[in-house]
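FYI, it's all coordinate maths here, none of it is from the lab. Just so it is clear, the structure is predicted and the values come from calculations on it, not from any experiment.
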Amino acid sequence: MKEKFSGLRIGYPAIGAGLAGGDWGIILYIIDEELKDANHTFVEFVK
């Protein structure tokens, strides 16, 4: 994703942490490591 969308802002939800039951702390750490030096933002949906 980082290579394909280089120079663009990347937004993402809590991928894998809802119904999939993943640990958001671990998932966020992985995302932060993989998108290091990229412009990325967590997008939270609030009802």
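Values computed for the structure shown
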item	result
With Cα atoms, 0 to 90° folded angle of helix 24-34 axis to the chain main axis	10
Surface/4 estimate of mean projected area, convex hull on alpha-carbon atoms of the chain, nm²	3.7
